[in-house]
Amino acid sequence: MLTRAALVVTFALAAVAASAQTRPSITIGLVPSVPSASTYLALDKGYFREAGVDVKIETVDSAAKIIPFIAQGQVQVAQGGISAAYFNAVGDGLPIRLALEGGSTPVYHSVVVRPELKDQFKKIADLKGRPVALVAPGSSQDYQMGKLLGTVGLTLKDIDVKYMAFPQMAAALANKGVDAALEDAPFLEQVVAKKLGVRWIDPEDVIQPVPTSLLGYIVNVDWAEKNQALAKKLMVALQRGARDYCQAYHHGPNRDEVVEVMFKHKVLTDRQLLEEMDWQARSPDGRFNVASLTDQQAFFVKNGSVHKETPVAKLVDTAYADEVAKALGPFKLINAKSPLKGCR
């Protein structure tokens, strides 16, 4: 016969099991990158569990590839880059919307040029006619390079664009396949360390408006409307992870913990590089720079990558950032002496 204490334990275990069974399960898709650490932090630190949801994370190599899965409801939320593909999808009426900002400038990237050509690059106009490596058509790199060229009256058509993945840019510089490349961390540090390229110009020092909203959490609108309370709790959990990331970005006391999370989930496999490199900034409140979003869309419409402009209200749902502000309050930086911009 069970004792009273044993019965209490049995009932408690049964309640926990029942709770786990009734917790809704969702899938979050993400492109592994340094800012994606926030999603892994929310998973590993139990923020999703506290929000009452079980989360499965699926990785992809590009946010554009996951858009159809979000639209079909196979993935409820995705974290990835904002590109022409996103603007086109919303313009076509797919049930997706940006919910929270997931990454913005400063990105600590740079246009690098081959060392033997550095004396030939004095002004932006010197890019004209040159082979330049960018990561993908319709990406934020197209926008940033296009805006950079636009300051001197040039467009992407005035350079010889070579699209390739970031890891391939180093080889292209080494074999003289390109004269310049727009490199992001950590590949930027690797190119410079190997003396395959020298830093020349950071687009952020020239283009406006900034900060540029580069990454976001995209939500399936149909799912969110049917699960409004859960969707808000999920976004608060994600932003708790983002605030942990921001503290580590500013070299706060949790820097080692966040590096370990990124290493564990294979965001990068070089732990020392993770510890030493500059990380991409983001908003601790999850708010987009709406001026940046509208400027990006206008740029892509002008160059033909996006077929029509969509009203901002259909591009981003600001209610989630409002919910974060209500639930978490103002962000307080622990390392107040940090000189880094962004993540404030």
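The values are calculated or read from the model by the stated rules, or taken from the named source; none is laboratory data. These numbers come from a predicted model, not from an experiment. Backbone-built Cβ (ideal geometry, glycine too); neighbour counts: all protein chains shown.
Laid out as a table, the results:
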item	result
Subset of the range 69-84 [more than 23 Å from Leu230 (Cβ to Cβ), touching a Leu at 6+ places or on another chain (Cβ under 8 Å) and not β-branched (Val, Ile, Thr)]	Gly81
Test: residue in the range 309-332 that is more than 23 Å from Ala99 (Cα to Cα) and either out of contact with any strand residue (DSSP E or B) (no Cβ under 6 Å at 6 or more places or on another chain) or of a type in the set (Ser, Thr, Tyr) (or both)	no
Considering residues of the range 128-149 that are in contact with a helix residue (DSSP H, G or I) (Cβ under 8 Å, 6 or more places away or on another chain) and more than 22 Å from Ser62 (Cα to Cα) only, the residue surrounded by the fewest Cβ atoms within 10 Å (Cβ to Cβ)	Gly129
Subset of the range 68-120 [closer than 26 Å to Ala180 by Cβ and among the β-branched types (Val, Ile, Thr)]	Ile82, Thr105, Val107, Val111, Val112, Val113
Number of the condition not met by Lys195 [criteria: (1) in contact (Cβ under 8 Å) with a residue 24 or more places away in the chain; (2) of a type in the set (D, E, K, R); (3) in a helix (DSSP H, G or I)]	(3)
Qualifying residues in the range 116-172 (those that are in a helix (DSSP H, G or I) and hydroxyl-bearing (Ser, Thr, Tyr)) - the one nearest to Gln208 (Cα to Cα)	Tyr143
Residue check for Asp44: acidic (Asp, Glu), within 25 Å of Asp285 (Cα to Cα) and at pLDDT 95 or above	yes
Looking only at the range 39-84, and only at residues there that are closer than 20 Å to Thr22 by Cα and among the charged types (D, E, K, R), the one that is nearest to the chain's Cα centre (by Cα)	Lys56
Residues of the range 44-61 satisfying the condition of being in contact with a strand residue (DSSP E or B) (Cβ under 7 Å, 6 or more places away or on another chain), touching a residue at least 40 places away in the same chain (Cβ under 8 Å) and not β-branched (Val, Ile, Thr)	Phe48
Residues (more than 23 Å from Asn220 (Cα to Cα) and touching a residue at least 60 places away in the same chain (Cβ under 8 Å)) located in the range 306-344	Leu328, Phe331, Leu333, Ile334, Asn335, Ser338, Leu340, Lys341, Gly342, Cys343, Arg344
Single unsatisfied condition, Leu154 versus (1) modelled with pLDDT under 95; (2) surrounded by fewer than 24 Cβ atoms within 10 Å (Cβ to Cβ); (3) in contact with a helix residue (DSSP H, G or I) (Cβ under 9 Å, 6 or more places away or on another chain)	(1)
Selection from the range 205-228 of residues that are crowded, with 21+ Cβ neighbours inside 10 Å and not in a loop (DSSP other than H, G, I, E, B)	Ser213, Leu214, Leu215, Gly216, Tyr217, Ile218, Val219, Asn220, Ala224
Matching entry among Leu98, Leu94 (being part of a loop (DSSP other than H, G, I, E, B) and out of contact with any Asp or Glu (no Cβ under 6 Å at 6 or more places or on another chain))	Leu94
Subset tally (residues that are surrounded by fewer than 18 Cβ atoms within 10 Å (Cβ to Cβ) and at pLDDT 95 or above) for the range 173-192	5
Single match in Val107, Val113 (criterion: farther than 22 Å from Pro209 by Cα and in contact (Cβ under 8 Å) with a residue 24 or more places away in the chain)	Val113
